[in-house]
Amino acid sequence: MTPDPSSAPVALETDLFVSKMDCPSEENLIKMALGSVPDIDRMAVDLNTRTVTVFHRGAPEALVDALLPLGLGVELRQSRPAAAQATRTTSTLGIPKMDCPSEENMIRMALSDIEDIKSLNFDIAQRQLHVTHTGTIDPILSKLIPLQFGAYMISAAAAVPEDGADADKAGNQSEAKVLRLLLAINAAMFVVELVWGLIAQSAGLVADSLDMFADAAVYGLALYAVGRAASLKTRAAHFAGWLQMALALGALGEVVRRTLLGSEPESSLMMGVGAVALAANVACLVLIAKKRDRGAHMKASYIFSANDVIANIGVIVAGALVAWTGSHYPDLVIGTVIGIIVLNGARRILKL
């Protein structure tokens, strides 16, 4: 007997309100619970409004029944026929001033509230961004232009469907662990270099500690942004930017004070602590090197940490010059250079 086509399940779009869904951990629980429900095409989670939108075939009540055991207060808001999926386009944008994960992270946050964006693929080496989206590219460009990274349109083509985008869960978890470890290393070295920089009277060590803080802020904001509302992402970025700017201005002010009043940096401490910071950044390089095949963002993080190694070597060389010349000027020079770099990074963050 031939099945009646009219009896086939209708594609539905169902909104569920989950009153106790407050963070990504609960979002993951919900996704796992709904993963056991057949005929679900895809789902979208909005932590800000505590709403889960499910595109599926079958009874909406089955979704509620799957979530009730979680005790998160699920409520069926509405269910309606699903609209046809909009055509997706992959646009390639040139971004000449995108050099490291700091710029990548700012671009992600600037575009986070555009619902038409389906995916972002960064190519730091080529200074390009591939955006898969529905609708026109104009709203995306309007968000990027104020960042002053020189964004411009290169090309656009029909998007190629991605199969198994969520299949590599183990790889994603491993990548997140690496990012957390990088955050911990950089945060710890920020404290170590700042304390010993003050003890050693070294402007170079103090400024290099702020470079560590900038790295920690990049990794921390990237982890914090997962599953968060756009307003919270921007607020967190601004907080980190203002703190980074205050520290950078303090370091540059200390350089000025020591230039006018004099200082006696301890060259042995400069070289010793600088060597520890160098070892920490080399460890970060080793960790990131194992994940460089995970995507352009991890390759960019590798480049970013490699640049930090150069700053660490600069501090060690400055310490050696202090010991050789008996002058504090090598320390003041390296402190000024690193302080200006950190200050410029803070300025860019605050433009978001």
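The values are calculated or read from the model by the stated rules, or taken from the named source; none is laboratory data. Being a predicted model, the structure only gives us computed values, none of them experimental. Don't worry about glycine lacking a Cβ; one is built from the backbone with ideal geometry, like all the others, and counts go over all protein chains shown. Quick note on the areas: whole protein, heavy atoms, side chains included, nothing else; ligands and nucleic acids left out. Shrake-Rupley method; radii C 1.70, N 1.55, O 1.52, S 1.80 Å.
Structure summary
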{"read-out": "The lone exception for LYS97 - which of (1) part of a loop (DSSP other than H, G, I, E, B); (2) farther than 27 Å from ALA158 by Cβ; (3) modelled with pLDDT under 80; (4) within 19 Å of the chain's Cα centre (by Cα) it fails", "value": "(3)"}
{"read-out": "Hits in the range 21-76 (condition: of a type outside the set (D, E, K, R), part of a strand (DSSP E or B) and surrounded by 13 or more Cβ atoms within 10 Å (Cβ to Cβ))", "value": "ILE40, MET43, VAL45, THR51, VAL52, THR53, VAL54, PHE55, HIS56, VAL74, LEU76"}
{"read-out": "Residue satisfying condition, being modelled with pLDDT of 65 or more, assigned to a helix (DSSP H, G or I) and either of a type in the set (D, E, K, R) or open to solvent by 40 Å² or more (accessible area, probe 1.4 Å) (or both), within set LEU269, LEU252", "value": "LEU269"}
{"read-out": "Selection count, the range 123-133, where residues are more than 13 Å from PHE149 (Cα to Cα) and surrounded by 22 or more Cβ atoms within 10 Å (Cβ to Cβ)", "value": "2"}
{"read-out": "Residue selected from the range 109-122 under the condition in contact (Cβ under 8 Å) with a residue 40 or more places away in the chain and surrounded by fewer than 17 Cβ atoms within 10 Å (Cβ to Cβ), by the criterion nearest to MET153 (Cα to Cα)", "value": "ASN121"}
{"read-out": "Those residues of the range 178-198 which are open to solvent by less than 50 Å² (accessible area, probe 1.4 Å) and under 15 Å from LEU285 (Cβ atoms), in sequence order", "value": "VAL178, LEU179, LEU182, ILE185, ASN186, MET189"}
{"read-out": "Sole exception among (1) modelled with pLDDT of 90 or more; (2) loosely packed, with under 15 Cβ neighbours inside 10 Å for ASP138, by number", "value": "(1)"}
{"read-out": "Residue list for the range 100-120, filter: within 30 Å of LEU12 (Cα to Cα) and either modelled with pLDDT of 80 or more or over 14 Å from the mean Cα position of the chain (by Cα) (or both)", "value": "LEU111, ASP113, ILE114, GLU115, ASP116, ILE117, LYS118, SER119, LEU120"}
{"read-out": "Residue within the range 197-210 that is modelled with pLDDT under 80, assigned to a helix (DSSP H, G or I) and either more than 30 Å from THR87 (Cβ to Cβ) or of a type in the set (Asp, Glu) (or both) present", "value": "yes"}
{"read-out": "Cross-chain or 6+ apart pairs with Cβ under 6 Å, the range 242-262 first and under 14 Å from ALA214 (Cα atoms), then open to solvent by 40 Å² or more (accessible area, probe 1.4 Å) and part of a loop (DSSP other than H, G, I, E, B)", "value": "none"}
